[in-house]
1. Which condition number in (1) in contact (Cβ under 8 Å) with a residue 40 or more places away in the chain; (2) assigned to a helix (DSSP H, G or I); (3) under 18 Å from Ala123 (Cβ atoms); (4) not aromatic (Phe, Trp, Tyr) is the one that Ser178 fails?
2. Name the residues in the stretch 62-87 that are under 44 Å from the mean Cα position of the chain (by Cα) and assigned to a loop (DSSP other than H, G, I, E, B), would you?
3. Can you tell me how many residues within the stretch 20-40 are surrounded by 12 or more Cβ atoms within 10 Å (Cβ to Cβ) and closer than 18 Å to Leu102 by Cβ?
Amino acid sequence: MRKLRLGTHQLPAAEAGLVRALVLLLDNDSNSELQWTFAAEAPFDALVANHELANPAPVPASGLPVLYLANPGQSATGDDVLVRPLRADLLRDWLLRTQQGLLAALPRTAPEPAGPQPVAIQAPTRFKLRKWPPNEALRSDPTRIRMATMLGKRALSMTELANLSRQAEAHCEAFIQSLKRLELVDILPGTPVRVAVTPAAHGRPAPAPHHHHDNHSAQRPRDSRWGLVRSIRMRLGLR
């Protein structure tokens, strides 16, 4: 949340400086709930002004919460009026009330998710051969025999069967349908799998793959160069 901005209107320079010093003092209090900073220029969230401006004419066209400072002896009452000299504790109480009112008037927004959100993904239906099919289903076709062997070993989805057998899914589906009619296949419905998905990760570039460097291959050029140097030194009679 951004800090709220407190300004002054037609206050003497010394008193405006006092307001600034008190806001800074309150802002540095680690136990304080205040979210205010002093602003010398607009825009403002609230103002401190002379009590004379409250009656008969308020601060012109501000539409903001205004704290009026009255002189001792003036008939000044109300939650938005304080008697000079301005005290830090009274200013703190007024700022806290004003802050609560301003925050309550802000439109409410849904909080952003704190981390990865689980998403349910439906797993595909799998098929498992119950018993070896007759020739009526196999048709002495090596491809169908191979698919039946795969389904007899473990449950496979249509896509997995197509990939392992290197056949089109339509061909695999026709074979599965023939097994269904003969009640030779168990159908295992897929169960939802919960996967953590981070929204902020969408659109990010994938990390660059890490390439493993072969130390031996990296040293070969150097080894060959040193071998050449040793050969030349030996020819020159140098050790």
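The values are calculated or read from the model by the stated rules, or taken from the named source; none is laboratory data. It should be emphasised that the depicted structure is a prediction, and the values quoted were computed from it without experimental measurement. With ideal geometry, Cβ positions are generated from the backbone for all residues, glycine too; neighbour counts draw on all protein chains shown.
1. Just one mismatch for Ser178, condition (3).
2. The answer is Ser62, Gly63, Leu64, Pro65, Asp79, Asp80, Arg87.
3. 10
Yes or no, residue by residue, for (1) within 30 Å of Gly63 (Cβ to Cβ); (2) at pLDDT below 90; (3) in contact with an Asp or Glu (Cβ under 8 Å, 6 or more places away or on another chain):
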position: Arg87; (1), (2), (3): yes, no, no
position: Leu102; (1), (2), (3): yes, yes, yes
position: Arg108; (1), (2), (3): yes, yes, no
position: Pro116; (1), (2), (3): no, yes, no
position: Trp132; (1), (2), (3): no, no, no
